[in-house]
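K.L.:
Sharing a structure below in structure tokens format, with a few things to ask.
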Amino acid sequence: MIKSPLFRGAALTALFIGTVALAADRNPTQERADRFLALVNASYQALYYVEAEAQWAASTDVSPVHDAAAETAGKANAAFMGNPALINETKSLLLKRHDLNDLTVRQLEKLLLLAAEQPMTKPALTQARIETETKQASTLNGFEFKLDGKPITVNEIDNLLQSNDTPLDKRLAVWLASKESGQALKDGLVKLRDLRNGVAQEMGYPDYFALQVASYGMNTEEMLKLNQDFMQVLRPLYLQLHTWVKYKLAERYGQPVPKRIPAHWINNRWSQEWEGLADGADLAPFFKNFTPEWIAQSSEKFYVGLGFPALPKSFWDKSDLYNVPAGSTRKKNTHASAWHLDLDNDLRSLQSIESTPWWFNTNHHEFGHIYYFMAYTRPEVPPLLRDGANPAFHEGFGELTALAAAQVPYLKSLGVLPADFKTDDNAFLLNTALTPGIPFIYWASGVMAHWEADIYAKNLPADQWNARWWQYVRDFQGIEPPVERGEEWCDAATKTHINDTPAYYYTYAIAQVFKHQLHDHIARKILKQPPQNCNYAGNKAVGDFLRGVMEKGQTEDWRKVLKEATGEELSTRAMIEYYAPLLEWLKEQNKGRPIGWE
């Protein structure tokens, strides 16, 4: 039974003092840190599990009871992780870092980052943040979308947008319906902006965006510069893709070719991926005979074939992988996710898998996270460091798994594509570039990173949020809204992680670059196959390579891990080389057309 947060905080203060006193009797700084971290790791893991269980219940069965339990668990976790005694002891030990080993220093630094999310030096501020985030999550997870006055699920919205048979007037109605949740979420997001900035500033960070990029060992300016560099290097390819796509869509819908692409023309609610355009790579018909259960199991078989263990039975028993049954009143979060609930063996995934190529790729992505969890869950990695080497590593392994699963030889080995299937190489390369590929960079590095930097680092007034959002969509993506979008809307808030994992989307952009570096190394150095057309299936050497990176968790600096694995720093080199044949093809297709939207 968890006592009230305030009681637990008082008790832990006394416990910290006693622990430090015991260590001080023996004097050595390392022994003192070892005692301290033994207490912290055990308590952190236990409280993490309690909070994760409560959040899982709140995400899979939205109800006031589960929301209240999640809020209580969050406060209990904050009472420990943000305890002033813990913060002070951590800072004191770090002043003597020259007497500590690297693993200890990394744990202490991670501890301060975690404390900065919930500093109990200002308990009212931290508790207000937890309460507001719980309410925001409930609004997000329980929102009922409607089309023509009738309820419509998120999967139904996506299926209508992804269908080439949906006419433009219907597409507009569906697109508008998909934006309704932003209005309900805006007030909560405004409150959360101030509360998140408040907790970051309490621990000495200028704002919440700066706190998040600190996990990379970077500041806000460095992170934005890195993402600007991605966009600058890839811009020639993006402009060619943008031009080809708008001509293709104008032809499909019988419309004049626009400068910027109307958002409802694209098959994704946020225009972050431009799928369904590479005709020779349409895999939808090939998945119709496969069940959602087969899709889930295929991802496990991918990793088992590389030499990884099968998933524990508890994963299949406890996960929530499929659509809520028709007629059920239960509501759940519709954003696919992977969970490491106890930082040990309780692994789960939350999805709504259907028999489509998109869900096939998404499921492989989520299982990439799950197997990363499994790889670094070992005694050599303390619970505090059971995470990706940086956040982009986790997303990158998910994306790498999805990229490997999209390779034609792999699809043939599974029986998804017939053995005699004739591959249109340009079509498949185009499809990979569009989903998520290159457009995603301009959405994540451009729109998302800059908009969240504006609201957190620059305190952009809330009455300018939607205008700034669409300014960035026009400028970075070359996309425009189909109708005027005033400040009564908050179209950014319709994206899940804006609410529950803020100042994070640059991580997805870095992951795209990272996945191509790993994939390039695997294809060229291990498989001796072209990166655009290779097959990981059954190759234990590939599994050994991946395990060597995964099992380190956060025990080493991410730059060192990347350099040792691939021989190079973070670079778009592999990404540019992967799509080089496509760029030449696009230039031929676009001859005589004005390029870009300016």
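K.L.:
Between a first residue in segment 370-393 that is more than 24 Å from residue 302 (Cβ to Cβ) and a second residue that is basic (Lys, Arg), which pairs have beta carbons less than 6 Å apart while being 6 or more apart in sequence or on different chains?
P.N.:
Filtered contacts from segment 370-393: 384/110.
K.L.:
Can I ask one more? Look through 276, 254 and report the one residue that is of a type outside the set (Val, Ile, Thr) and free of Cβ contacts under 8 Å to residues at least 24 places away in the same chain.
P.N.:
Criteria check complete, one pass: 254.
K.L.:
Moving on to the next point. Take segment 428-441 and flag every residue that is modelled with pLDDT under 95 and either among the small types (Gly, Ala, Ser) or at positive phi (or both).
P.N.:
Answer for segment 428-441, where residues must be modelled with pLDDT under 95 and either among the small types (Gly, Ala, Ser) or at positive phi (or both): just 437.
K.L.:
Might you let me know whether segment 362-381 holds any residue that is basic (Lys, Arg), under 22 Å from residue 552 (Cα atoms) and surrounded by fewer than 23 Cβ atoms within 10 Å (Cβ to Cβ)?
P.N.:
yes
K.L.:
When you go through (1) surrounded by 21 or more Cβ atoms within 10 Å (Cβ to Cβ); (2) part of a helix (DSSP H, G or I) one by one for residue 274, which number turns out not to apply?
P.N.:
The single condition residue 274 does not satisfy is (2).
K.L.:
Looking at residue 406 and the list (1) out of contact with any Leu (no Cβ under 6 Å at 6 or more places or on another chain); (2) in contact (Cβ under 8 Å) with a residue 60 or more places away in the chain; (3) under 17 Å from residue 511 (Cβ atoms), which single condition is not satisfied?
P.N.:
With respect to (1) out of contact with any Leu (no Cβ under 6 Å at 6 or more places or on another chain); (2) in contact (Cβ under 8 Å) with a residue 60 or more places away in the chain; (3) under 17 Å from residue 511 (Cβ atoms), residue 406 is out only on (2).
K.L.:
A further question on this structure: For a quick check of your reading of the model, give me the residue pairs whose first member lies in segment 321-340 and is under 24 Å from residue 387 (Cα atoms), whose second is basic (Lys, Arg), with beta-carbon atoms closer than 6 Å and at least 6 apart or on different chains.
P.N.:
What qualifies is 339/348.
K.L.:
Please go through segment 442-485 and pick out each residue that is among the aromatic types (Phe, Trp, Tyr), in contact with a Gly (Cβ under 9 Å, 6 or more places away or on another chain) and either at positive phi or surrounded by fewer than 24 Cβ atoms within 10 Å (Cβ to Cβ) (or both).
P.N.:
Matches in segment 442-485: 472, 476.
K.L.:
Out of the residues in segment 315-333 that are touching a Ser or Thr at 6+ places or on another chain (Cβ under 6 Å) and assigned to a loop (DSSP other than H, G, I, E, B), state the one that is nearest to residue 496 (Cα to Cα).
P.N.:
The extreme case among them is 333.
K.L.:
Whether any residue in segment 418-439 is among the acidic types (Asp, Glu), surrounded by fewer than 21 Cβ atoms within 10 Å (Cβ to Cβ) and farther than 25 Å from residue 542 by Cβ is what I want to check.
P.N.:
Yes.
K.L.:
For residue 141, all conditions in the list (1) surrounded by fewer than 17 Cβ atoms within 10 Å (Cβ to Cβ); (2) more than 26 Å from residue 285 (Cα to Cα); (3) at pLDDT below 95 hold save one; what is the number of the exception?
P.N.:
All conditions pass for residue 141, except number (1).
K.L.:
Run down 484, 488 and say which single residue is free of Cβ contacts under 8 Å to residues at least 12 places away in the same chain and closer than 16 Å to residue 183 by Cα.
P.N.:
Sole residue among the options that is free of Cβ contacts under 8 Å to residues at least 12 places away in the same chain and closer than 16 Å to residue 183 by Cα: 484.
K.L.:
Among the candidates 60, 104, 90, single out the residue that is within 30 Å of residue 176 (Cβ to Cβ) and at pLDDT 95 or above.
P.N.:
When all the criteria are applied, what remains is 60.
The values are calculated or read from the model by the stated rules, or taken from the named source; none is laboratory data. The model shown is predicted, which means the values in this text are computed figures rather than measured ones. Note that we place each Cβ from the backbone using ideal geometry, even for glycine, and neighbour counts take in every protein chain shown.
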